[in-house]
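The values are calculated or read from the model by the stated rules, or taken from the named source; none is laboratory data. Fair warning: this is a prediction, and the values are worked out from it, not measured in the lab. Backbone-built Cβ (ideal geometry, glycine too); neighbour counts: all protein chains shown. Just so you know, the surface numbers come from the protein's heavy atoms only, side chains and all, with ligands and any DNA or RNA stripped out. Shrake-Rupley method; radii C 1.70, N 1.55, O 1.52, S 1.80 Å.
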Amino acid sequence: MGFLSDKRILITGVASNRSIAWGVAQAMHREGATLAFTYQGEKLKGRVEDLASQCDAEFVLPLDVSSDEQIHSCFAALGEHWDGLEGIVHSIAFAPKDQLEGDYVASVTREGFAAAQDISSYSLAALAKAGRPLMQGRNGAILTMSYLGAVRAVPNYNVMGIAKASLEANVRYLAASLGPEGTRVNAVSAGPIRTLAAAGIADFRSMLKQVEERTPLRRNVTIDEVGNAGAFLCSDLASGITGDILYVDTGYHILGLG
Ligand code: 0WD
(Lines give C-alpha, C1' and ligand atoms only; values in the text may rest on other atoms or scores of the structure.)
Protein backbone atom coordinates (compact mmCIF):
# COMPACT_ATOMS: atom_id res chain seq x y z
CA MET A 1 0.00 0.00 0.00
CA GLY A 2 1.44 3.37 -1.04
CA PHE A 3 1.72 6.40 1.22
CA LEU A 4 -1.00 8.27 -0.73
CA SER A 5 -3.53 5.44 -0.89
CA ASP A 6 -6.28 7.38 0.89
CA LYS A 7 -5.84 10.61 -1.13
CA ARG A 8 -7.84 12.06 -4.03
CA ILE A 9 -5.68 14.62 -5.82
CA LEU A 10 -6.32 17.08 -8.67
CA ILE A 11 -3.34 17.51 -11.00
CA THR A 12 -3.08 20.71 -13.08
CA GLY A 13 -0.34 21.77 -15.49
CA VAL A 14 0.29 18.63 -17.52
CA ALA A 15 1.16 19.79 -21.04
CA SER A 16 3.35 16.86 -22.14
CA ASN A 17 5.18 13.82 -20.80
CA ARG A 18 8.05 16.19 -19.95
CA SER A 19 5.90 18.36 -17.68
CA ILE A 20 6.88 18.52 -14.03
CA ALA A 21 3.21 17.86 -13.19
CA TRP A 22 3.54 14.54 -15.06
CA GLY A 23 6.48 13.56 -12.84
CA VAL A 24 4.39 14.41 -9.78
CA ALA A 25 1.34 12.52 -11.12
CA GLN A 26 3.36 9.37 -11.80
CA ALA A 27 4.89 9.39 -8.31
CA MET A 28 1.46 9.97 -6.74
CA HIS A 29 -0.10 7.18 -8.80
CA ARG A 30 2.69 4.83 -7.76
CA GLU A 31 1.95 5.69 -4.12
CA GLY A 32 -1.71 4.79 -4.52
CA ALA A 33 -3.37 8.20 -4.95
CA THR A 34 -6.62 8.50 -6.89
CA LEU A 35 -6.06 11.18 -9.49
CA ALA A 36 -7.99 13.60 -11.71
CA PHE A 37 -6.35 15.88 -14.27
CA THR A 38 -7.07 19.22 -15.90
CA TYR A 39 -6.00 20.47 -19.32
CA GLN A 40 -5.66 23.99 -20.66
CA GLY A 41 -7.60 24.31 -23.91
CA GLU A 42 -8.84 21.83 -26.50
CA LYS A 43 -5.37 21.51 -28.07
CA LEU A 44 -4.04 19.70 -25.00
CA LYS A 45 -7.18 17.66 -24.27
CA GLY A 46 -6.23 14.46 -26.15
CA ARG A 47 -2.67 14.41 -24.89
CA VAL A 48 -3.69 14.94 -21.25
CA GLU A 49 -6.43 12.29 -21.56
CA ASP A 50 -3.85 9.78 -22.84
CA LEU A 51 -1.44 10.51 -20.00
CA ALA A 52 -4.25 10.55 -17.44
CA SER A 53 -5.35 7.06 -18.50
CA GLN A 54 -1.83 5.78 -17.77
CA CYS A 55 -2.46 6.85 -14.16
CA ASP A 56 -5.96 5.33 -14.09
CA ALA A 57 -7.35 8.85 -13.61
CA GLU A 58 -11.01 8.94 -12.69
CA PHE A 59 -11.81 11.99 -14.88
CA VAL A 60 -10.22 14.84 -16.85
CA LEU A 61 -11.59 18.39 -16.82
CA PRO A 62 -10.92 21.59 -18.78
CA LEU A 63 -9.31 24.42 -16.78
CA ASP A 64 -7.82 27.69 -17.93
CA VAL A 65 -6.95 29.54 -14.74
CA SER A 66 -7.32 32.94 -16.42
CA SER A 67 -11.11 32.33 -16.33
CA ASP A 68 -13.07 32.53 -13.06
CA GLU A 69 -15.91 30.76 -14.82
CA GLN A 70 -13.70 27.77 -15.75
CA ILE A 71 -12.32 27.56 -12.22
CA HIS A 72 -15.87 27.51 -10.89
CA SER A 73 -17.07 24.89 -13.39
CA CYS A 74 -14.00 22.72 -12.81
CA PHE A 75 -14.57 22.48 -9.06
CA ALA A 76 -18.34 22.10 -9.51
CA ALA A 77 -17.69 19.11 -11.81
CA LEU A 78 -15.08 17.74 -9.40
CA GLY A 79 -17.65 17.92 -6.57
CA GLU A 80 -20.04 15.79 -8.64
CA HIS A 81 -17.44 13.01 -8.91
CA TRP A 82 -15.87 13.23 -5.44
CA ASP A 83 -17.38 14.16 -2.07
CA GLY A 84 -14.05 15.53 -0.90
CA LEU A 85 -10.54 16.38 -2.07
CA GLU A 86 -7.23 15.71 -0.31
CA GLY A 87 -4.84 17.42 -2.69
CA ILE A 88 -4.30 20.00 -5.42
CA VAL A 89 -1.13 20.13 -7.51
CA HIS A 90 -0.68 23.58 -9.09
CA SER A 91 2.02 23.39 -11.77
CA ILE A 92 1.13 26.38 -13.91
CA ALA A 93 3.03 29.46 -15.02
CA PHE A 94 2.93 31.89 -17.90
CA ALA A 95 4.56 35.13 -19.04
CA PRO A 96 4.61 36.56 -22.56
CA LYS A 97 7.78 35.44 -24.35
CA ASP A 98 9.06 39.03 -24.80
CA GLN A 99 9.21 39.31 -20.99
CA LEU A 100 11.61 36.38 -20.66
CA GLU A 101 14.60 37.71 -22.56
CA GLY A 102 17.24 40.36 -22.08
CA ASP A 103 17.53 43.17 -19.59
CA TYR A 104 14.71 43.20 -17.01
CA VAL A 105 14.14 46.95 -17.02
CA ALA A 106 14.17 47.10 -20.80
CA SER A 107 11.71 44.21 -21.24
CA VAL A 108 9.20 44.66 -18.40
CA THR A 109 5.75 46.03 -19.28
CA ARG A 110 2.62 46.59 -17.20
CA GLU A 111 0.74 43.96 -19.22
CA GLY A 112 3.54 41.38 -19.05
CA PHE A 113 4.01 41.88 -15.34
CA ALA A 114 0.26 41.58 -14.67
CA ALA A 115 -0.13 38.45 -16.82
CA ALA A 116 2.75 36.70 -15.03
CA GLN A 117 1.26 37.52 -11.63
CA ASP A 118 -2.25 36.50 -12.63
CA ILE A 119 -1.50 33.12 -14.21
CA SER A 120 1.57 32.12 -12.18
CA SER A 121 0.67 33.34 -8.68
CA TYR A 122 -2.94 34.49 -8.23
CA SER A 123 -4.15 31.23 -9.77
CA LEU A 124 -2.80 29.31 -6.76
CA ALA A 125 -5.00 31.35 -4.42
CA ALA A 126 -7.91 30.98 -6.84
CA LEU A 127 -7.62 27.18 -6.85
CA ALA A 128 -7.20 27.07 -3.06
CA LYS A 129 -10.33 29.18 -2.68
CA ALA A 130 -12.38 27.10 -5.11
CA GLY A 131 -11.19 23.84 -3.58
CA ARG A 132 -11.63 24.94 0.05
CA PRO A 133 -15.14 23.54 0.64
CA LEU A 134 -14.04 20.11 -0.63
CA MET A 135 -10.73 20.13 1.26
CA GLN A 136 -11.84 21.39 4.67
CA GLY A 137 -11.01 19.07 7.58
CA ARG A 138 -9.41 16.36 5.45
CA ASN A 139 -5.70 16.78 6.27
CA GLY A 140 -5.12 17.57 2.62
CA ALA A 141 -2.32 19.47 0.94
CA ILE A 142 -1.77 21.96 -1.84
CA LEU A 143 1.49 21.92 -3.79
CA THR A 144 2.93 24.43 -6.25
CA MET A 145 6.13 24.74 -8.28
CA SER A 146 8.64 27.55 -7.81
CA TYR A 147 12.14 28.35 -9.00
CA LEU A 148 15.28 29.93 -7.55
CA GLY A 149 14.53 33.08 -9.60
CA ALA A 150 12.07 33.95 -6.79
CA VAL A 151 14.95 34.76 -4.45
CA ARG A 152 17.93 35.43 -6.78
CA ALA A 153 18.23 37.60 -9.91
CA VAL A 154 18.54 35.05 -12.73
CA PRO A 155 19.30 36.31 -16.27
CA ASN A 156 16.24 36.34 -18.58
CA TYR A 157 13.86 35.06 -15.88
CA ASN A 158 12.74 38.67 -15.25
CA VAL A 159 9.00 39.08 -14.49
CA MET A 160 8.70 35.36 -13.83
CA GLY A 161 11.12 35.74 -10.90
CA ILE A 162 8.86 38.38 -9.39
CA ALA A 163 5.83 36.18 -10.02
CA LYS A 164 7.60 33.28 -8.27
CA ALA A 165 8.47 35.54 -5.30
CA SER A 166 4.76 36.37 -5.14
CA LEU A 167 3.91 32.67 -5.46
CA GLU A 168 6.17 31.80 -2.53
CA ALA A 169 4.57 34.53 -0.39
CA ASN A 170 1.21 33.17 -1.53
CA VAL A 171 2.24 29.74 -0.17
CA ARG A 172 2.89 31.29 3.26
CA TYR A 173 -0.36 33.29 3.37
CA LEU A 174 -2.41 30.33 2.16
CA ALA A 175 -0.73 28.06 4.70
CA ALA A 176 -1.61 30.51 7.50
CA SER A 177 -5.17 30.82 6.25
CA LEU A 178 -5.94 27.15 5.61
CA GLY A 179 -3.84 25.56 8.36
CA PRO A 180 -6.55 25.83 11.05
CA GLU A 181 -8.85 23.69 8.88
CA GLY A 182 -6.15 21.05 8.33
CA THR A 183 -4.92 21.94 4.84
CA ARG A 184 -1.17 22.31 4.28
CA VAL A 185 0.36 24.41 1.49
CA ASN A 186 3.92 23.98 0.22
CA ALA A 187 6.09 24.52 -2.84
CA VAL A 188 8.89 22.62 -4.46
CA SER A 189 11.57 24.90 -5.90
CA ALA A 190 12.83 22.80 -8.79
CA GLY A 191 16.09 23.09 -10.66
CA PRO A 192 15.85 23.82 -14.40
CA ILE A 193 14.24 21.05 -16.49
CA ARG A 194 13.71 21.03 -20.25
CA THR A 195 9.91 21.39 -20.68
CA LEU A 196 7.58 23.35 -22.97
CA ALA A 197 7.41 26.24 -20.49
CA ALA A 198 11.21 26.31 -20.14
CA ALA A 199 11.55 26.64 -23.91
CA GLY A 200 10.07 30.15 -23.54
CA ILE A 201 13.04 31.34 -21.46
CA ALA A 202 15.88 32.82 -23.51
CA ASP A 203 19.16 30.88 -23.36
CA PHE A 204 17.65 28.12 -21.21
CA ARG A 205 20.27 25.70 -22.48
CA SER A 206 23.06 27.63 -20.79
CA MET A 207 21.13 27.49 -17.49
CA LEU A 208 21.08 23.70 -17.73
CA LYS A 209 24.78 23.61 -18.62
CA GLN A 210 25.82 25.92 -15.81
CA VAL A 211 23.87 23.92 -13.22
CA GLU A 212 25.36 20.66 -14.47
CA GLU A 213 28.90 22.04 -14.20
CA ARG A 214 28.59 23.71 -10.78
CA THR A 215 25.86 22.12 -8.67
CA PRO A 216 26.95 19.77 -5.84
CA LEU A 217 25.49 16.66 -7.53
CA ARG A 218 26.95 17.72 -10.95
CA ARG A 219 23.76 16.98 -12.88
CA ASN A 220 20.33 18.43 -13.50
CA VAL A 221 17.29 17.28 -11.59
CA THR A 222 14.59 15.06 -13.19
CA ILE A 223 10.79 15.27 -13.14
CA ASP A 224 10.79 11.97 -11.25
CA GLU A 225 12.86 13.50 -8.44
CA VAL A 226 10.58 16.53 -8.26
CA GLY A 227 7.62 14.13 -8.42
CA ASN A 228 8.85 12.08 -5.46
CA ALA A 229 9.34 15.20 -3.34
CA GLY A 230 5.91 16.51 -4.37
CA ALA A 231 4.26 13.19 -3.50
CA PHE A 232 5.94 13.27 -0.08
CA LEU A 233 4.78 16.85 0.60
CA CYS A 234 1.18 15.92 -0.22
CA SER A 235 1.26 12.84 2.00
CA ASP A 236 0.76 12.38 5.73
CA LEU A 237 4.53 11.73 5.98
CA ALA A 238 4.82 15.53 5.68
CA SER A 239 2.02 16.25 8.18
CA GLY A 240 4.19 18.70 10.13
CA ILE A 241 5.30 20.74 7.12
CA THR A 242 3.37 23.75 5.82
CA GLY A 243 4.16 27.14 4.31
CA ASP A 244 7.52 25.83 3.17
CA ILE A 245 9.63 25.87 0.02
CA LEU A 246 11.53 22.61 -0.53
CA TYR A 247 14.47 22.88 -2.95
CA VAL A 248 14.78 19.92 -5.31
CA ASP A 249 17.60 21.23 -7.46
CA THR A 250 20.59 18.88 -6.94
CA GLY A 251 21.81 21.44 -4.38
CA TYR A 252 22.37 24.42 -6.67
CA HIS A 253 20.73 26.95 -4.33
CA ILE A 254 23.39 26.49 -1.62
CA LEU A 255 26.20 27.78 -3.83
CA GLY A 256 27.96 31.11 -3.41
CA LEU A 257 30.90 31.92 -5.64
CA GLY A 258 31.35 29.77 -8.72
O1 0WD B 1 12.86 24.41 -15.47
C2 0WD B 1 11.67 24.25 -15.34
N3 0WD B 1 10.94 23.67 -16.27
C4 0WD B 1 11.01 24.70 -14.06
C5 0WD B 1 9.66 24.89 -14.00
C6 0WD B 1 11.89 24.95 -12.88
C7 0WD B 1 11.18 25.35 -11.71
C8 0WD B 1 9.84 25.55 -11.70
N9 0WD B 1 9.09 25.32 -12.83
C10 0WD B 1 7.65 25.56 -12.75
C11 0WD B 1 7.03 26.41 -13.85
O12 0WD B 1 7.29 27.77 -13.63
C13 0WD B 1 5.58 26.06 -13.67
O14 0WD B 1 5.04 26.75 -12.56
O15 0WD B 1 6.96 24.34 -12.86
C16 0WD B 1 5.65 24.57 -13.31
C17 0WD B 1 5.36 23.63 -14.45
O18 0WD B 1 6.15 23.97 -15.56
P19 0WD B 1 6.80 22.92 -16.57
O20 0WD B 1 6.42 21.56 -16.21
O21 0WD B 1 8.20 23.31 -16.72
O22 0WD B 1 6.15 23.36 -17.95
P23 0WD B 1 5.01 22.76 -18.91
O24 0WD B 1 5.18 21.32 -19.16
O25 0WD B 1 5.00 23.66 -20.12
O26 0WD B 1 3.68 22.97 -18.07
C27 0WD B 1 3.24 24.24 -17.68
C28 0WD B 1 1.80 24.36 -18.12
C29 0WD B 1 1.47 24.99 -19.45
O30 0WD B 1 2.13 24.56 -20.46
P31 0WD B 1 2.46 25.55 -21.73
O32 0WD B 1 3.71 24.94 -22.21
O33 0WD B 1 1.30 25.36 -22.61
O34 0WD B 1 2.65 26.96 -21.22
O35 0WD B 1 1.08 25.28 -17.37
C36 0WD B 1 -0.18 25.32 -17.98
C37 0WD B 1 -0.03 24.85 -19.39
O38 0WD B 1 -0.57 23.59 -19.56
N39 0WD B 1 -0.76 26.63 -18.06
C40 0WD B 1 -2.04 26.85 -17.73
N41 0WD B 1 -2.98 26.02 -17.24
C42 0WD B 1 -4.20 26.54 -17.04
N43 0WD B 1 -4.50 27.82 -17.30
C44 0WD B 1 -2.27 28.20 -18.03
C45 0WD B 1 -3.57 28.68 -17.80
N46 0WD B 1 -3.92 29.95 -18.06
N47 0WD B 1 -1.13 28.76 -18.52
C48 0WD B 1 -0.21 27.79 -18.53
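Here are a few things to note about the model shown:
- When the charge dipole of the chain is built from unit charges on Cβ atoms (+1 for Lys and Arg, -1 for Asp and Glu) and taken about the Cα centre, the candidate among 74, 142, 208 whose Cα reaches farthest toward its positive end is 208.
- Rounded to whole numbers, the Karplus 3J(HN,Hα) couplings from phi for the stretch 231-236 are 4, 4, 4, 8, 9, 5 Hz, using 6.51 cos²θ - 1.76 cosθ + 1.60 with θ = phi - 60°, and x at Gly and Pro.
- Accessible surface calculations at 1.4 Å, restricted to protein heavy atoms, place the chain at 46 Å² per residue.
- Note on the stretch 159-258: with charges restricted to the Cβ of Lys and Arg (+1) and Asp and Glu (-1), its dipole about the Cα centre is near 300 debye.
- Taking amide H as placed 1.01 Å from N in the peptide plane, residue 14 has its amide H under 5 Å from the amide H of 38, each at least 5 places away in sequence or on another chain.
- Each residue of the stretch 156-172 was assigned a 3J(HN,Hα) from its phi angle through the Karplus expression (A = 6.51, B = -1.76, C = 1.60, θ = phi - 60°), giving 6, 6, 6, 4, 5, x, 5, 5, 6, 4, 5, 4, 5, 5, 4, 4, 5 Hz with x at Gly and Pro.
- Highest-first packing order for the peptide set 96-105, 166-175 is 166-175, 96-105, based on the mean count of other beta carbon atoms within 10 Å.
- Distance from the stretch 193-258 to the stretch 84-111 (C-alpha centre basis), Å: 17
- The alpha-carbon atoms of the chain, seen along their principal axes, cover 49, 38, 37 angstrom, with the largest extent given first.
- Pairwise centroid distance, computed over Cα atoms, of the stretch 34-77 with the stretch 12-26, Å: 12
- For the stretch 49-59, 3J(HN,Hα) per residue [Karplus equation, 6.51 cos²θ - 1.76 cosθ + 1.60, θ = phi - 60°, Hz, x = Gly/Pro]: 4, 4, 5, 4, 5, 5, 9, 6, 4, 7, 6
- About the Cα centre, charge dipole magnitude for the chain (Lys/Arg +1, Asp/Glu -1 at Cβ), debye: 580
- For the chain, carbon and sulfur atoms together expose 52% of the accessible surface, with a 1.4 angstrom probe and every protein chain in place.
- Shape call, the stretch 1-122: gyration tensor on alpha carbons, a/c limit 1.5: prolate
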